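Working notes, structure below.
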Amino acid sequence: EFQAAPEQFFPTDPTEASACLGGMAACNASGARSYAYGPMRPHVTGLHVALADGDLLELHRGRAHADARRLSLVTAGGRALELDLPGYTMPKTKNASGYFVSDDMDAIDLFIGACGTLGVITELEIALQAAPSVVWGVSCFFDSEDKAVSFTDSVRPVLSHAAAIEYFDAGALDILRRQREQSTAFASLPALDDEAKVCVYVELDCDDEAQATEELYHLGWVLELAGGRDDATWVARTEVDRECQRFFRHAVPESVNMLIDERRRTDPTITKLGSDMSVPNTRLADVVALYRRTLAESGLESAAWGHIGNNHLHVNILPRDAQDYRAGGELFARWAAEVTAMGGAVSAEHGVGKIKAGFLETMYGHEAMVESARLKLQLDPAGQLGRGNLFSEKLLDELVQKGGA
Ligand SMILES: Cc1cc2nc3c(=O)[nH]c(=O)nc-3n(C[C@H](O)[C@H](O)[C@H](O)COP(=O)(O)OP(=O)(O)OC[C@H]3O[C@@H](n4cnc5c(N)ncnc54)[C@H](O)[C@@H]3O)c2cc1C
């Protein structure tokens, strides 16, 4: 009897539709579904990396491992590389901060999330996986942030098939309310009543409808205990309804980008300031309290959304002028130190790039930056690739002048 192969899908969905696979691997991108499926890293099974001198590394998951923190590789050109990996310990949270290093690690993992500093990914092999048969989206509304946090903490251990647990705070929902009223492009957004202060969106990826119904029952039970509003919950079971929810979720970052573009007409020096920090499960309430307290003290305008299931919110400061912009940057630096003290990561999915290089030093310390830069210079002796990403150009240049790695 003929049986169709199950539909396959690639779970990584970093929101930005123009993202390329190479860029996604370079940043170890994630997105909402990383709650269930992890970031880009586990889905990458093979990489070809062009090194600064044009030689090539051909890496396949499972074929080359470090010996503790020493990694021996042979290039396609037959050159033996002996790499000393930095000695730091990564936090046990969602993390895209700096080089991935651990004892006896798979060689391929070093090049995923390296922000283009070690080589250029020229070929990439990914493993697809069986697509879920039933996908339901559930938007839950609460009249306070405390209730949303408590719901998240309680629902995580109860659900077995949650693919995403996402959050929209009061600032984010207010932006949507305004957009719906003021812009025809957003007129089809669903109306929100005044009591809907914050929202937690849960996506259920299930084998069949019976399983999805059981999960929904568990979710409803936790919702009631956490003081959520059962009557105000949206459950999207069809593709049309899910598309409506997707529009709702994607409208938030899009609207914030539009708002900042408008403000930049008055002051072109300001840009959006979006945080990307994560903490362990036990510190979710603490980090949300930190954000609220310090935002209130600073008087800055903000909207927060993102991956609350991973304790990973994008808090966006919406600067009105250059002074707000500076204050927002200072606040992020303070959060980087506090999040590090909580055992978290300064970048959980966007990668450190250039703007967050200082936060990486806060997280791992100066010696770790020197070790990381030395590792880079073993592969890229003149420090040409991804200059300014992860560590300062000054540090790199000093090491090059001292003779490199
Ligand atoms: C509106 C919006 C929403 C987003 N939401 C999310 C989200 O939810 N989750 C998430 O994880 N990310 C999110 N992102 C970030 C997004 O994931 C990254 O922008 C994207 O994955 C990077 O891919 P890219 O092709 O755009 O890379 P680029 O932006 O072109 O490059 C990113 C970095 O990777 C390096 N790089 C690019 N290609 C290669 C290559 N072939 N070899 C080596 N290095 C390379 C570049 O040098 C650069 O340092 C969002 C971005 C936007 C604009």
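A few comments on the model shown:
- With contacts taken as Cα pairs under 8 Å and at least 6 residues apart, the chain reaches a relative contact order of 20 percent.
- Charged neighbours of residue 220, selected by a Cβ distance under 14 Å, balance to -4 (K, R count +1; D, E count -1).
- Only Lys, Arg, Asp and Glu carry charge here, each on its Cβ (+1 for the first two, -1 for the last two); on that basis the chain has a dipole of about 1180 debye about its Cα centre.
- Protein-only accessible surface order, largest first, of 350, 312 at 1.4 Å: 350, 312
- Of all accessible heavy-atom area on the chain, the percent that carbon and sulfur account for (1.4 Å): 50
- Residue-normalised accessible area of the stretch 323-405, expressed per residue, 1.4 Å probe, Å²: 45
- Rounded accessible area per residue of the stretch 132-266, 1.4 Å, Å²: 48
- Look at where the Cα atoms of the stretch 286-355 and of the stretch 178-204 average out, and the two centres are 24 Å apart.
- Debye log10 I(q)/I(0) for the chain, one point scatterer per Cα, at q = 0.06, 0.11, 0.13 Å⁻¹: -0.26, -0.87, -1.16
- Given +1 at the Cβ of Lys and Arg, -1 at the Cβ of Asp and Glu and no other charges, the dipole of the stretch 252-405 around its Cα centre is 60 debye to the nearest 20.
- Estimated translational D of the stretch 8-130 in µm²/s (Stokes, Kirkwood radius over Cα pairs; 25 °C; 0.890 mPa s): 164
- Net +/- balance of residues flanking residue 362 in space, Cβ distance below 12 Å, scoring K and R +1, D and E -1: 0
The values are calculated or read from the model by the stated rules, or taken from the named source; none is laboratory data. Owing to the predicted nature of the structure, the values given are computational and were not obtained by experimental measurement. Neighbour counts run over all protein chains shown; Cβ positions are idealised from the backbone, glycine included. All accessible areas refer to the heavy atoms of the entire protein, side chains included, with ligands and DNA or RNA removed. Shrake-Rupley method; radii C 1.70, N 1.55, O 1.52, S 1.80 Å.
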